[in-house]
Amino acid sequence: MIRFILSRLVQAVVALLGVLTVVFFAVHTAGNPVRLLVPQNASAADIARLSHQLGLDRPLVDQYGSFLLNAIHGNFGYSFVQNQPALNIVLSRFPNTVELAAGALVFALALAIPIGILSAVYRGKWVERVLMPVILVGQSMPAFWSGILLILIFAVHWHIFPSSGQGGLRALILPSVTLGSISLATVARMVRGSFLEHLNREYVRTAKAKGASMPRVLIRHVFRNAFLPVLTILGMETANLLGGAVITETIFAWPGVGLLTVQAVQSLDFPVVEAVVLFAATIYILANLAVDLLYGVVDPRLRIQGAD
Amino acid sequence: MRPVGQANVVAEPVLRIEDLSVCVERDGRSNLALSSVSLSISNGEIVGIVGESGCGKTMMALAIMGLMAENCRTVHGSIALQGLEITSLSARSMRSFRGRRMSMIFQEPMVALNPLMRVGRQVEEVLAIHHIGNRSERRRRVRELFAQVGLSGSGFRSRQYPHELSGGMRQRVMIAVALAAEPALLIADEPTTALDATVQAQILDLLLDIRSRLGTSILFVTHDMGVIAEVADRVVVMYAGQVVEVASVQDLFARPGHPYTAGLLGSITAASSVPEGGDLPTIAGRVPSLEEIPLGCAFAPRCAKVQAHCIDNRPQLATLETGHLAACWFPLPSVGDPRTSATSHSEGGK
Ligand SMILES: Nc1ncnc2c1ncn2[C@@H]1O[C@H](COP(=O)(O)OP(=O)(O)OP(=O)(O)O)[C@@H](O)[C@H]1O
Ligand SMILES: [Mg+2]
């Protein structure tokens, strides 16, 4: 078990170094942020002085070296725009993103699991014919479209929910639905596929031969087995949501990591962009590690011998 | 122990199937997977069902259990369990019979158990489903069952998961599951096919032991005549969804009446003389798919003794001697002097 976690940690470090490298060079070839920071009428000397202050006049490889060294210490430098350490800015936005991600996940799972199970159990019956379009609509509507549609209907027309900003459960609902409906479709399809496969397994026939009712077969036997592959997808969805939902947060002016990303990219705020990307990558890796460990909990076949 | 102890029920077979036909729907067409199948099993009897792959053996087993796939339907006939007609039962009553009055074990012990559930709980579940005993009584019964199927000691624990057990041990767990509620009928669908020879022999011994100790009737499905010889009292030979011969195991091996049976027997006698790895001699040709089953004698296209009459006319089961029936227009003559069978599991002709 320890060896497994260690090897995964080594993999994680290598992956993060790769991410850091890519993001550094991508950002530093994107443009010169100094031109966005100085007034329109700034002189060439002003620009040179600011460049020097920000360390942007040093050779790229040199900058890369100190960037890596600092990044390892969790130091991405100060934001060019706000006078604060970049990582602090990201971390301060994170709770908002967690709130939205949780809302989206709760919405998605609450619908996706029953929809997936029902459309597998009632395959080819009217139940499935009613439920499948729901999944399809969720999957084919881009967030910028469904989000704006929801705002028009529920905020502008009916005044049930606020159209933007954060604060309380009411403000959370529209963004959660917008963001969650994409995961809803993915998870529901996955649940449906996995249940369909498992309903034909031999152990299900054994359970029926014992005299088990369909609900019992589903709950006691199929659910845990069929949920294993769903777990992987769920880990990835969670990681995606926690990394910041760029479009949804922008539409609803939700002050999370996604909105921060957009703002930082627009203003070429290198340290913040770098911190955001590294943060998202870390979340992703941690979520996948969590899923792997969870697999071991759910599936005794994966438990390493001697661990129990 | 079982509710069927009364003297007046003795004559009633545990299972009686009469004229059963099952239809399979596929690609908009429907075909008969079982046609006019009849068979009966008495108390404590082991009846073997034998036939090549695709003859409808599993279909018959699943029809009895009421577990056929959705595209299969009983179109005619009756299945009576302990005298009670079950083809017309509600799903709910059928569930209360499954696992309780009749149970089934399957071919692949590797996949027949739930991989995420401890084996003890898989056995206990049968008792829970049928509301037998309270929790501690059920636990005790599970331990008792594991001992009964030879699973106590040797490092076995009921807290283990299926993947921690060998194939033979898993099949023993399956047998414990099947026996938990003391059913009158146990259907075993090729329970030893996936196991190696020594383990196979152990499992067969276990089933024989269970029959003699508990008096359980067993419907034993196999394609292996050698296994039939070891366990069965009576044999039902199936071909293309039909019963082609019924006889006591002694009569069948001594005087097969149907050329198909003779062919099956020929392949085992030949098998013992075939070098390791050599091909088994089999009956030429293959089992027809459901769409291809001929209108006359289903076996005619593969039969060495076929005659013009066989092509267009389907033979019915007819008595050759007491308790020995074959569906053939030209049954094989018995070799030498046609003695009457010494055994008396006589079900009689129809
Ligand atoms: N659900 C189904 N849909 C369509 N055809 C089926 C279905 N189940 C079985 N069949 C067909 O019915 C016939 C009998 O199948 P069955 O499984 O009963 O054979 P079997 O005698 O048990 O063979 P085996 O020794 O391979 O287990 C085969 O031709 C098979 O293809
Ligand atoms: Mg079969």
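With 0.36 nm allotted per residue and the present C-alpha distance subtracted, the B:I268-B:A91 stretch has 59.6 nm of extension available.
Take the Cβ atoms of A:D292 and A:R224, set R0 to 22 Å, and the FRET efficiency comes out at 0.80. Positive-end ranking of A:V90, A:G168, A:V298 along the dipole of the stretch A:89-307, with charges on Cβ about the Cα centre, is headed by A:V298.
Could you work out, residue by residue across A:198-207, how many beta carbons of other chains sit within 10 Å of that residue's beta carbon, and then give the average as an integer?
Taking the mean over all residues of the peptide, I get 6.
Would you be so kind as to identify which of A:G211, A:I151, A:M236 lies farthest towards the positive end of the dipole of the stretch A:89-307, taking Lys and Arg as +1 and Asp and Glu as -1 on Cβ and the Cα centre as origin? Positive-end residue among those listed: A:G211. Take each residue of peptide B:108-117, count the partner chain Cβ atoms within 10 Å of its Cβ, and average: the result is 6. Summing Cβ point charges (Lys, Arg +1; Asp, Glu -1) relative to the Cα centre of the stretch A:89-307 gives a dipole of roughly 1280 debye.
Mean silhouette area of chain B, derived from the convex hull of its C-alpha atoms and averaged over all directions, reads 19.5 nm².
Between amide H atoms placed 1.01 Å from N, distances below 5 Å from B:V243 occur with B:S38, all of them 5 or more places distant or on a separate chain. Here the contact order of chain A, divided by its residue count and restricted to Cα pairs under 8 Å and six or more residues apart, works out to 26 percent. Highest mean first, the peptides B:247-258, B:73-84 sorted by other C-beta atoms within 10 Å per residue fall in the order B:247-258, B:73-84. Calculated mean residue ellipticity, 222 nm, chain A: -24000 deg cm²/dmol, from DSSP H runs (n ≥ 4) at -39500 (n - 2.57) each, averaged per residue and rounded to 500. Residue by residue, the stretch B:207-219 carries 3J(HN,Hα) couplings of 5, 4, 4, 4, 4, 6, 7, 9, x, 5, 7, 10, 9 Hz when phi is fed to the Karplus relation 6.51 cos²θ - 1.76 cosθ + 1.60 (θ = phi - 60°); x denotes Gly or Pro. About its Cα centre, the dipole of chain B is roughly 1360 debye, where the only charges are +1 on Lys and Arg Cβ and -1 on Asp and Glu Cβ.
Distance between the 7 Å Cα→Cβ label points at A:W126 and A:S213: 2.3 nm.
Residue by residue, the stretch A:266-277 carries 3J(HN,Hα) couplings of 4, 9, 6, 7, 3, x, 5, 4, 4, 5, 4, 5 Hz when phi is fed to the Karplus relation 6.51 cos²θ - 1.76 cosθ + 1.60 (θ = phi - 60°); x denotes Gly or Pro. Would you work out if the stretch A:89-307 is rounded, prolate or oblate? Take a ≥ b ≥ c from the square roots of the eigenvalues of the alpha-carbon gyration tensor; rounded if a/c is under 1.5, else prolate when a/b is larger than b/c, oblate otherwise. Verdict is oblate for the stretch A:89-307.
Here the Karplus curve 6.51 cos²θ - 1.76 cosθ + 1.60, taken at θ = phi - 60°, turns the phi angles of the stretch B:16-30 into couplings of 9, 10, 10, 6, 7, 10, 10, 10, 10, 9, 8, 6, x, 10, 10 Hz, with x standing for Gly and Pro.
Relative protection proxy for A:65-75, B:113-123, A:114-124, from highest mean packing down: B:113-123, A:114-124, A:65-75 (other beta-carbon atoms within 10 angstrom). Looking at the stretch B:114-196, none of the GluC sites (Glu not before Pro) sits in a DSSP loop with at most 11 other Cβ atoms within 10 Å of its own Cβ. Any idea which of A:V106, A:P59, A:I283 is furthest toward the positive side of the dipole for chain A, if Lys and Arg beta-carbons carry +1 and Asp and Glu beta-carbons -1? Result: A:V106, furthest along the dipole toward the positive end. Among the chymotrypsin sites (Phe, Trp or Tyr not before Pro) in the stretch A:140-172, those located in a DSSP loop and surrounded by at most 11 other Cβ atoms within 10 Å of their own Cβ are A:W158. Charged side chains reduced to their Cβ positions (Lys and Arg at +1, Asp and Glu at -1) give the protein assembly as shown a dipole of some 1540 debye around its Cα centre. Where only DSSP H runs of four or more residues are counted, chain B gives -9000 deg cm²/dmol as its mean residue ellipticity at 222 nm, each run worth -39500 (n - 2.57).
Residues of the stretch A:232-276 with an amide N closer than 13 Å to a point placed 7 Å from the Cα of A:R35 along the Cα-to-Cβ direction: A:268. Projecting label points 7 angstrom from Cα along Cα→Cβ for A:V265 and B:H309 puts them 8.7 nm apart.
Take each residue of peptide A:216-228, count the partner chain Cβ atoms within 10 Å of its Cβ, and average: the result is 2.
With the gyration tensor restricted to C-alpha atoms of the protein assembly as shown, the semi-axes of the equivalent ellipsoid amount to 69, 26, 24 Å, longest first. Taking the average, over residues, of other Cβ atoms within 10 Å as the packing measure, peptides A:280-290, B:21-31 rank A:280-290, B:21-31 from highest down. In this structure the protein assembly as shown gives 48 Å² per residue of accessible area when probed at 1.4 Å with all protein chains present. For the pair A:A110 and A:V10, label points projected 7 Å from Cα toward Cβ lie 4.5 nm apart.
Remark: relative contact order (chain B) = 19 percent; criterion is Cα-Cα distance under 8 angstrom and separation of 6 or more residues.
The values are calculated or read from the model by the stated rules, or taken from the named source; none is laboratory data. Remember, it's a predicted structure, so these values are computed and weren't measured experimentally. Every residue, glycine as well, gets a Cβ built from its backbone with ideal geometry; the counts of neighbours run over all protein chains shown. Side chains included, ligands, DNA and RNA excluded: accessible areas come from the protein's heavy atoms. Shrake-Rupley method; radii C 1.70, N 1.55, O 1.52, S 1.80 Å.
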